[in-house]
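Enquirer: Before I ask anything, here is the structure I am working with.
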Amino acid sequence: MGDSLDRFFVLLERVPRLADSGIWSKTAGSFDCDLYENALGYLSSGEAHMARFFAALWQGQNGSSSYYLFDVVEAAAVIDPEWREIIRDWLADPFWP
């Protein structure tokens, strides 16, 4: 799990606002649902899509609620090219923390 957790945070660091949000904690190995759901209220649409991507990756599944549902087609239309690269990198070698 350590290697996958490290890989997760390497990807997350590429989206600084999410990396600094406190939603994910590497030291505690945790995900804060309240911080996550609150953040969706102020993140840009691209950041919100990336937050959903990271939440799905963290949970090892794509959730059914709109707070957790990551839609790659919808995301591709609004996220920055460098963030598309994060998703592309993960798809090339998927892992789950």
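Each value in this text was obtained by applying a stated rule to the coordinates, not by laboratory testing. Note that the structure is a prediction, hence the values are computed from the model and not measured. Backbone-built Cβ (ideal geometry, glycine too); neighbour counts: all protein chains shown.
Enquirer: Of all the residues that make up the range 69-83, how many are part of a helix (DSSP H, G or I) and within 13 Å of Ala51 (Cα to Cα)? Outline the logic, then answer.
Expert: Taking the range 69-83 first, the residues part of a helix (DSSP H, G or I) are 72-76, 81-83.
Filter once more, so that each one left must be within 13 Å of Ala51 (Cα to Cα): 72, 75, 83.
Summing the residues that are part of a helix (DSSP H, G or I) and within 13 Å of Ala51 (Cα to Cα) in the range 69-83 gives 3.
Enquirer: Quick one: which of Ser21, Ser66 is of a type outside the set (A, V, I, L, M), surrounded by fewer than 12 Cβ atoms within 10 Å (Cβ to Cβ) and not in a helix (DSSP H, G or I)?
Expert: Going through Ser21, Ser66 in turn, just one is of a type outside the set (A, V, I, L, M), surrounded by fewer than 12 Cβ atoms within 10 Å (Cβ to Cβ) and not in a helix (DSSP H, G or I): Ser66.
Enquirer: On to the next question. Within the range 36-54, which residues are touching a strand residue (DSSP E or B) at 6+ places or on another chain (Cβ under 9 Å) and more than 18 Å from Arg84 (Cβ to Cβ)? So that I can check it myself, show each step before the final result.
Expert: At the first step, the residues of the range 36-54 found to be touching a strand residue (DSSP E or B) at 6+ places or on another chain (Cβ under 9 Å) are 36, 54.
Answer for the range 36-54, where residues must be touching a strand residue (DSSP E or B) at 6+ places or on another chain (Cβ under 9 Å) and more than 18 Å from Arg84 (Cβ to Cβ): just Tyr36.
Enquirer: Next question, about the same structure. Would you check if Tyr42 is under 21 Å from Leu5 (Cβ atoms) and assigned to a loop (DSSP other than H, G, I, E, B)?
Expert: It is false that Tyr42 is under 21 Å from Leu5 (Cβ atoms) and assigned to a loop (DSSP other than H, G, I, E, B).
Enquirer: I've got another one for you. Out of Glu74, Glu47, report the one residue that is surrounded by 12 or more Cβ atoms within 10 Å (Cβ to Cβ), over 13 Å from the mean Cα position of the chain (by Cα) and either of a type in the set (A, V, I, L, M) or over 19 Å from Asp6 (Cβ atoms) (or both).
Expert: Criteria check complete, one pass: Glu74.
Enquirer: Evaluate the following for Ile23: is it free of Cβ contacts under 8 Å to residues at least 40 places away in the same chain, touching a His at 6+ places or on another chain (Cβ under 9 Å) and β-branched (Val, Ile, Thr)?
Expert: no
Enquirer: Hey, does the range 32-50 have a residue that's touching a Gly at 6+ places or on another chain (Cβ under 7 Å) and under 13 Å from Ser21 (Cβ atoms)? Working first, answer last.
Expert: Narrowing the range 32-50 to residues touching a Gly at 6+ places or on another chain (Cβ under 7 Å): 32, 35.
From the residues that got through so far, the ones that are under 13 Å from Ser21 (Cβ atoms) too are 32, 35.
Yes: the range 32-50 contains one or more residues that are touching a Gly at 6+ places or on another chain (Cβ under 7 Å) and under 13 Å from Ser21 (Cβ atoms).
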